[in-house]
Amino acid sequence: MNLRKLHELSFDNTYKRLPEDFYDPVSPAGFQNPHLVAFNLDAMELLDLDPNEALTPEFVEYFSGRKPLPGSEPLAMYYTGHQFGVYNPDIGDGRAILLGEVRNRKGEKWDLHLKGSGRTRYSRVFDGRAVLRSTIREYLCSEAMYALGIPTTRALCIIGSDEKVERESTERGAMMLRMSPSHVRFGSFEAFHYTGREDSLKILADYTISEYFPEIKEGEKKYRDFLYEVVDRTAVLAALWQALGFTHGVMNTDNMSVLGLTIDYGPFGFMEEYDPGYTPNHSDHFGRYSFENQSGIAFWNLGKFANSLVSIVPSEEAMQAVGEFKNTYSQYYFERMREKLGLKTSQKNDGELIKRLLQIMQDEKADYTNTFRALSDLSTGDENINIFKSEAFREWAHLYRTRLKDEHSADNERKIYMETVNPKFVLRNSLAEKAIRKAVDEHDYSEIERLHNILRNPYSEQPEYDEYSKFSPEGTKNLVISCSS
Ligand code: AMP
Ligand code: MG
């Protein structure tokens, strides 16, 4: 297959063809002295890009906003949203720009979205920039999530600079090229609903359905079917996060993709010590976006989304659609949790079995990821081999073994299976921190690449990287992250 050069990318800028009130055309504000920090061959492949292109000076020029990429038509997307439960009419792409949409040879379309690319009409009082630290977190986490099988945006590259960006302290600015089939959010619909622009809202719905939900048939039920689909995807996504032990951290409606993708990686966190109240966002004082609240918040957000469709989906039907969330969520969540326990069948006490295990993990302050990985070694034969010493665990393990024997589970087969669903490697905050410190303090980007490579294969043993699967050092578990980024 002929790979493409950067100037040969095939753009199909569908969003740009929407009416003017959907966006603001704006060019990125380029950095002085930009340089390549990281690039991702997997994402380049999605664009049919020749991997050698990453090493050309043009690559840095294009993705630091200094030179317009041929075929791109940069714009800032308009949206609003509920932030921490309060409607904010004034959001939009304040520091990211949709350069354009690239269609690959398979016909897949990818938004090229440059984050940290300068001020736009929607920047309010902010600088339009992103700091290196936050781009590294997003780059690594979105690729880790992809490898873990979670629907997510992707990351093509990080470009660094010596441009000073003021946060709690002075930091260096960076840009990250994010890729996604679409950046349409719940808040894109809210924006038109709350400003009474029903025509625009309908155009957005028609556009979103025809571009991204081709399976939805034309007809009077089309918008209702669309809502059902968004409810379904959101429920699946929330269930996947939960089973993985992932907390998004800022589930505002402007950070909710209508495609059911994980988007906008800010103060997220992978659970280490199991604690349902874990809230990674330093500014989230009341734990609104805690681990245990995520499904409730996803439901709440869907309520706001459904409400914004009131001019095209009657309220009663919309409420019914949103009402599907709880069933879909719990069905999917328990399915995943059964898989994590290596259970092949579904039995009525499985919910209780899972709940009791989580309670033990909480009491033991056990590492979420490693506990499930370790469970794959539990044999049905020897009752004396256990992960925790407590009586509660001994009792639980007895129930679990009985349950396994009941479905004639073979230890070796189950272990192999469980290791394909319980990752060994996740992006622990301490790991991200290490890569960040090296990059920021020493201008050494090798740890980003190393970590990315480990996280690309989260289920494989990679014994040489055992250290990367360990509980973070005391004091850095379940880290809380500043939302300044
Ligand atoms: P976030 O919490 O990152 O999803 O951001 C919420 C809103 O604030 C979005 O509209 C962003 O574009 C905007 N925003 C966040 N940081 C900045 C910044 N440094 N400059 C301009 N806009 C920003
Ligand atoms: Mg956002």
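Classify the range 271-408: rounded, prolate or oblate, from the alpha-carbon gyration tensor (a ≥ b ≥ c, eigenvalue square roots; a/c under 1.5 rounded; otherwise prolate if a/b is larger than b/c)?
Oblate shape, in that a/c is at least 1.5 and b/c is the bigger or equal ratio.
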Next on the checklist: Rounded, prolate or oblate for the range 341-421? Axes are the square roots of the Cα gyration tensor eigenvalues, ordered a ≥ b ≥ c, and the cut-off for rounded is a/c under 1.5.
Outcome noted: rounded
Next on the checklist: Below 8 Å between Cα atoms, with a sequence gap of 6+, how large is the relative contact order for the range 6-183 in percent?
Outcome noted: 25
Checklist outcome for this item: With x for Gly and Pro, the residue-by-residue ³J(HN,Hα) of the range 187-193, computed from phi through the Karplus equation 6.51 cos²θ - 1.76 cosθ + 1.60 at θ = phi - 60° and given in whole Hz, is x, 5, 7, 4, 4, 7, 5
Checklist entry - Hey, what angle do you get for helix 429-442 against the long axis of the chain, alpha-carbon based, 0 to 90 degrees rounded to 10? => result 40
Next on the checklist: If you roll a 1.4 angstrom probe over the protein chains with everything in place, what fraction of the accessible area of the chain belongs to carbon and sulfur, to the nearest %?
Outcome noted: 50
Checklist outcome for this item: Rounded to the nearest 10, the angle in degrees between the Cα long axis of helix 132-147 and the longest principal axis of the Cα atoms of the chain comes to 60
Next on the checklist: If packing is taken as the average number of other Cβ atoms within 10 Å across a peptide's residues, how do 399-407, 93-101, 333-341 rank, most packed first?
Outcome noted: 93-101, 333-341, 399-407
Next on the checklist: Show me, for the range 24-37, the HN-Hα J-couplings you get by feeding each phi into the Karplus relation (A = 6.51, B = -1.76, C = 1.60, θ = phi - 60°), rounded to Hz, glycine and proline as x.
Outcome noted: 10, x, 7, 9, x, 9, x, 8, 7, 6, x, 8, 6, 9
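So which trypsin sites (Lys or Arg not before Pro) in the range 183-282 end up in coil per DSSP with only 13 or fewer other C-beta atoms within 10 Å? It would help to have the intermediate numbers written out before the result.
On the way: sites: 185, 197, 202, 217, 221, 222, 224, 233; in loops: 197, 217, 221.
The qualifying sites are 217, 221.
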Next on the checklist: Need the full-extension length gain, residue 466 to residue 10, defined as separation in residues times 0.36 nm minus the C-alpha distance. One decimal, nm.
Outcome noted: 160.0 nm
Checklist entry - With the other protein chains left in place, how much accessible area per residue, in square angstrom, belongs to the range 332-380 at a 1.4 angstrom probe? => result 46
Item to check | Average accessible area per residue (Å²) across the range 6-183 - probe 1.4 Å, nucleic acids and ligands excluded | outcome: 36
Next on the checklist: Tell me the mean residue ellipticity at 222 nm calculated for the chain from its helices only (DSSP H runs of n ≥ 4, each -39500 (n - 2.57), averaged over every residue, nearest 500).
Outcome noted: -12500 deg cm²/dmol
Checklist entry - Got the relative contact order for the chain handy, in percent, Cα pairs under 8 Å and 6 or more residues apart? => result 15
Checklist outcome for this item: For the chain, longest principal axis from Cα atoms; helix 198-212 axis from its Cα atoms; angle between them, nearest 10 degrees, is 60
Item to check | Whole-number percent relative contact order across the range 83-183, with pairs defined as alpha carbons under 8 Å at least 6 apart | outcome: 28
Checklist outcome for this item: Expressed to one decimal in nm², the mean projection of the alpha carbon convex hull of the range 1-155 is 10.2
Checklist entry - Rounded, prolate or oblate: which fits the range 286-360 when a ≥ b ≥ c are the square roots of the eigenvalues of the alpha-carbon gyration tensor, with rounded for a/c under 1.5 and prolate only if a/b beats b/c? => result oblate
Checklist outcome for this item: With the convex hull built on the alpha-carbon atoms of the chain, volume per residue in Å³ sits at 156
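Considering only Cα-Cα distances, which of the following residue pairs are longer than 30 Å: 415/470; 217/326; 389/434? Please report the intermediate quantities before stating the final value.
Values: 415/470 20 Å; 217/326 25 Å; 389/434 33 Å.
In this structure, 389/434 exceed 30 Å between Cα atoms.
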Checklist outcome for this item: Cα extents of the range 151-233 per principal axis, largest first, Å, are 54, 29, 19
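The values are calculated or read from the model by the stated rules, or taken from the named source; none is laboratory data. A quick note: this is a predicted structure, and the numbers were derived from the prediction, not measured. Because the Cβ atoms are built from the backbone with ideal geometry, glycine has one as well, and the counts that use them run over all protein chains shown. Calculation scope for accessible area: heavy atoms of the full protein, side chains included, ligands and nucleic acids excluded. Shrake-Rupley method; radii C 1.70, N 1.55, O 1.52, S 1.80 Å.
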